[in-house]
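Q: My structure is below; once you've seen it, I'll send some questions.
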């Protein structure tokens, strides 16, 4: 799988924070059933690696990745757990080298033009734009497309179902990241049917563009 296939798997990549690893498999199955196979499990909780391992082992139709990757050690641990792609909120040369050496696709995070140019200089054309809304939103990405059309983004941060189509309409956006299809009360109540319905609605957002 190339990094471009991560951006092209679905219009929305769910950004998942797993507090209870036992929820990981049914949650992933609900997202996949709703049409969102690329699932970013953030490394923000103690059970994140266990959740990635569980999804990788039990949900073959899911393409599970690790998010909030900020150290080389996390790169190694995530790939060992079964992560098939990596996402970082930002990048350094050390982190970029580790992600490149991992053998799996990766989306380093950017929020400035200089960071985009620096990644292009290193041969990276696909990136996470974060925090999307706070960093300038669709207007910023639209402005980047003129001088830097070769860069392609997965904007994440503050995006919801109302604004996602505006991002998806941009030529330099492959998909968006978000968590609106995973309301806290639905996860806490293990309401997988509701999550599947919200995922299905998110998967259909491309048709609104």
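Computed from the coordinates by the stated procedures, all read-outs in this text should not be read as laboratory data. What you are looking at is a predicted structure, and each value in this text was computed from that prediction instead of being measured. Positions of Cβ are backbone-derived with ideal geometry, glycine not excepted, and every protein chain shown enters the neighbour counts.
Q: So for each of 98-105, 65-72 I average, over its residues, the number of other beta carbons within 10 Å; can you give me the resulting order with the highest mean first?
A: 65-72, 98-105
Q: A further question follows. Using the per-residue mean of other Cβ atoms lying within 10 Å as a proxy for protection, in what order, highest first, do the peptides 19-29, 184-194 fall?
A: The peptides rank, most packed first, as 19-29, 184-194.
Q: Bin width 10 Å, alpha-carbon pairs only: give the P(r) of the stretch 166-209 as whole percents, running from 0 to the bin holding the largest distance.
A: Over the stretch 166-209, the share of Cα pairs per 10 Å bin runs 26, 45, 23, 6 percent.
Q: What is the gain in length, in nm to one decimal, between residue 71 and residue 206 on full extension, counting 0.36 nm per residue of separation less the C-alpha to C-alpha distance? All intermediate terms of the calculation are to be shown ahead of the outcome.
A: On the way: separation 135, 0.36 × 135 = 48.60 nm, distance 3.33 nm.
Once the chain is fully extended between residue 71 and residue 206, it gains 45.3 nm.
Q: Taking Cα atoms of the stretch 1-93, Rg/Rh with Kirkwood Rh, to two decimals?
A: That ratio equals 0.94.
Q: So what is log10(I(q)/I(0)) for the stretch 124-209 at q = 0.11, 0.19, 0.22, 0.26 1/Å, when the Debye sum runs over its Cα atoms only?
A: Here log10 of I(q) over I(0) equals -0.33, -0.82, -1.01, -1.24.
Q: Here is a follow-up. For a paramagnetic label modelled at 7 Å from the Cα of residue 150 toward its Cβ, which residues of the stretch 89-129 fall within the zone defined by backbone nitrogen distances under 16 Å?
A: Only 114-127 pass the distance filter.
Q: Determine the equivalent ellipsoid of the chain by diagonalising the alpha-carbon gyration tensor, then write out the semi-axes as square roots of 5 times the eigenvalues, largest first, rounded to whole Å. Working shown, then result.
A: On the way: eigenvalues 129, 88, 35 Å².
Listed largest to smallest, the semi-axes of the chain are 25, 21, 13 Å.
Q: Give me the three principal axis extents of the stretch 44-114 from the C-alpha atoms, as integers in angstrom, largest value leading.
A: Taking max minus min along each principal axis of the Cα atoms, the stretch 44-114 gives 41, 22, 22 Å.
Q: Additional query: Would you compute, for the Cα atoms of the stretch 75-163, the largest minus smallest coordinate along each principal axis and list the three values in descending order, in whole Å?
A: Its Cα atoms span 38, 31, 17 Å along the three principal axes.
Q: Using only Cα atoms, locate the centre of the stretch 61-82 and the centre of the stretch 94-117, then give the distance between them in Å, rounded to an integer.
A: When both Cα centres are located, 14 Å separates them.
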